[in-house]
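**Student:** If you scroll down you'll find the structure; I have some questions about it.
The values are calculated or read from the model by the stated rules, or taken from the named source; none is laboratory data. No experiment lies behind these values; they were computed from the predicted model shown. Positions of Cβ are backbone-derived with ideal geometry, glycine not excepted, and every protein chain shown enters the neighbour counts.
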Amino acid sequence: MKFGGTSVADAQRIKRAAARIVARRREGYAVVGVLSARGKTTDELIAMANEVSSDPDPREMDMLLSTGERISCALCAMAIHDLGQKAISFTGSQAGIVTDTYHTKARIIEVRADRIQAALAEGMIVLVAGFQGVSTAADVTTLGRGGSDTTAVAVAAALGAQECEIYTDVPGVYSADPRIVPNARKLPWLSFEETLEMSASGAGVLQLRSVEYARNHRVRIHCRSSFSDDPGTLVTSEAEVSEQMEERPLVTAVTHSTSESMVTLAGVEHRPGVAAEIFDALAHANVNVDMIDQNVPLSRGGAAEISFTVPHEDLRTATRALEPLSGRLFAECHTREEMGKVSIVGAGMRTHPGVAAQVFRVLSDEGINIEMISTSPIKISCVIAREQVPLAVRALHGAFELEGEGTVLAEDPFAAGGL
Ligand code: ADP
Ligand code: ASP
Ligand code: MG
């Protein structure tokens, strides 16, 4: 049972999470709780680091950030004790979460769950601090923003759990972010593949790596509200979803991201090996390149142009990594920081031509320029100007008739100065 930041934001909510965990235990299940840091704690810790350093050391960043989830777990264990149940909290390291050495976005390599298992065998409820582990070099690591989802799925896989329940501040995965589209539809069933595409294209509700991990280890995820008992969204195999849903819609969801930046390299030498060298440099700097587009010169000897997108937070690292190649492999490097991306995802698209044309028509009717396009068998993504993202999401959601019952949100992001 994983509880996100909003679900453990204050004492009342921690007690509520504790009560939910204890209720499950009393139903006869062995329960592991994975908790996130409370409310905006992680953001506040990042701000604290930036107050004392312009370029905080990643190892020390992980020492700092990992404290947030430890606080939640210790408090929740205390609240569970008060309810008369045995409970013990573990850091990621104590829980046996072993990662690689990439500080601030480490990957889980292995979960050595013997200590969790021993505690469960003694009838305890186990609380594991999300979002963290211990590296093969014995240092504390964190798993990237939203990483507690991945902790939960990895622990569920290691224990052979029946299900990984992810309790959050929305009642499930919706046909679009309910903060942008108030009448979005709750999706009762989703395949791993669709959910992967959704997470990869910006639906922040489940961290991408958690869905990858769930698909690879066949862990069923139940994403649901921590404020109600209603069933949420089951993320499971394509076979199970097809069995449950007689008719699959053409488009399942519209997703978006507002943290894209675009890099364009002009005057790129057009010969074998150049692209490899450019993207090698980015890979070595651990930059996550998303879309790539190359314009090849028509005339022999002409120069090519390569554009690609990176998460906004990786832009500085990306341009730094490319600097040594400037002048040798390409002539100029241009960046556009304020970009966004809108995507439509749906397993039904696989067998339907014409969806892309419809997407482009809808965007053009809204006067939205498309800068870059990428597709997979079940996804179409367009890079557009950041400020046009909400308009694009609503237009596509309407055009593909995805409207549903909507949901009441815990807080209004528009009032809070969000999108
Ligand atoms: P937690 O703190 O519980 O991990 P997150 O903030 O990481 O919660 O994820 C939940 C948020 O994801 C929601 O509040 C919602 O705004 C956002 N979100 C984005 N896309 C979707 C979607 N398609 N369905 C549901 N929520 C979404
Ligand atoms: N606390 C971390 C974050 O804010 C991890 C998580 O909540 O999943 O990104
Ligand atoms: Mg999250």
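**Student:** Could you tell me which of the residues Gly130, Gly92 is more than 16 Å from ligand 1 (Cβ to nearest atom), under 22 Å from Ala74 (Cα atoms) and of a type outside the set (A, V, I, L, M)?
**Tutor:** From the options Gly130, Gly92, the qualifying one is Gly92.
**Student:** Next question. Only one of (1) under 28 Å from the mean Cα position of the chain (by Cα); (2) more than 23 Å from Glu212 (Cα to Cα); (3) free of Cβ contacts under 8 Å to residues at least 40 places away in the same chain is not met by Val289, so which one is it?
**Tutor:** Of everything listed in (1) under 28 Å from the mean Cα position of the chain (by Cα); (2) more than 23 Å from Glu212 (Cα to Cα); (3) free of Cβ contacts under 8 Å to residues at least 40 places away in the same chain, Val289 misses just condition (2).
Yes or no, residue by residue, for (1) in contact with a helix residue (DSSP H, G or I) (Cβ under 6 Å, 6 or more places away or on another chain); (2) over 21 Å from Met245 (Cα atoms); (3) away from ligand 3 (no atom under 14 Å from the Cβ):
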residue: Ala137; (1), (2), (3): no, yes, yes
residue: Asp149; (1), (2), (3): yes, yes, no
residue: Val153; (1), (2), (3): yes, yes, no
residue: Tyr167; (1), (2), (3): yes, yes, no
residue: Val170; (1), (2), (3): no, yes, no
residue: Ser175; (1), (2), (3): no, no, yes
residue: Asn183; (1), (2), (3): no, yes, yes
residue: Phe192; (1), (2), (3): yes, no, yes
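**Student:** Looking at Thr99, is it of a type in the set (Val, Ile, Thr), surrounded by 20 or more Cβ atoms within 10 Å (Cβ to Cβ) and modelled with pLDDT of 95 or more?
**Tutor:** Yes: the conditions hold for Thr99.
**Student:** Answer with yes or no whether Arg248 is at pLDDT below 95 and either of a type in the set (A, V, I, L, M, F, W, C) or more than 19 Å from the chain's Cα centre (by Cα) (or both).
**Tutor:** Judged against the criteria, Arg248 is a match.
**Student:** A further question on this structure: Given (1) crowded, with 18+ Cβ neighbours inside 10 Å; (2) not in a loop (DSSP other than H, G, I, E, B), where does Asp290 come up short, assuming only one miss?
**Tutor:** (2)
**Student:** Answer yes or no as to whether Ala154 is within 16 Å of ligand 2 (Cβ to nearest atom), modelled with pLDDT of 95 or more and part of a helix (DSSP H, G or I).
**Tutor:** The answer is yes for Ala154.
**Student:** Among (1) under 24 Å from the mean Cα position of the chain (by Cα); (2) within 20 Å of Glu165 (Cα to Cα); (3) of a type in the set (Val, Ile, Thr), where does Val22 come up short?
**Tutor:** (1)
**Student:** Which of the residues that make up region 168-202 are of a type in the set (Ser, Thr, Tyr) and within 8 Å of ligand 1 (Cβ to nearest atom)?
**Tutor:** Matches in region 168-202: Thr168, Tyr174, Ser175.
**Student:** Related question: On the basis of being under 22 Å from the mean Cα position of the chain (by Cα) and either more than 16 Å from ligand 1 (Cβ to nearest atom) or part of a loop (DSSP other than H, G, I, E, B) (or both), does His103 make the cut? Let's see the steps before the verdict.
**Tutor:** Details: under 22 Å from the mean Cα position of the chain (by Cα): yes; either more than 16 Å from ligand 1 (Cβ to nearest atom) or part of a loop (DSSP other than H, G, I, E, B) (or both): yes.
Taking the combined requirement at face value, the residue satisfies it.
**Student:** Taking region 193-202 as the region of interest, how many residues are crowded, with 22+ Cβ neighbours inside 10 Å and more than 16 Å from ligand 2 (Cβ to nearest atom)?
**Tutor:** Going through region 193-202 one residue at a time, the tally reaches 6.
**Student:** Give the residue, chosen from Ala118, Ala87, Ala106, that is buried (at least 23 other Cβ atoms within 10 Å of the Cβ) and farther than 30 Å from Gly202 by Cβ. Spell out the reasoning first.
**Tutor:** Values: Ala118 fails: buried (at least 23 other Cβ atoms within 10 Å of the Cβ); Ala106 fails: farther than 30 Å from Gly202 by Cβ.
Matching residue, one of Ala118, Ala87, Ala106: Ala87.
**Student:** Name every residue in region 203-229 that is buried (at least 21 other Cβ atoms within 10 Å of the Cβ), assigned to a loop (DSSP other than H, G, I, E, B) and within 13 Å of ligand 1 (Cβ to nearest atom), in order of residue number.
**Tutor:** Ala203, Val205, Leu206, Gln207, Ser226
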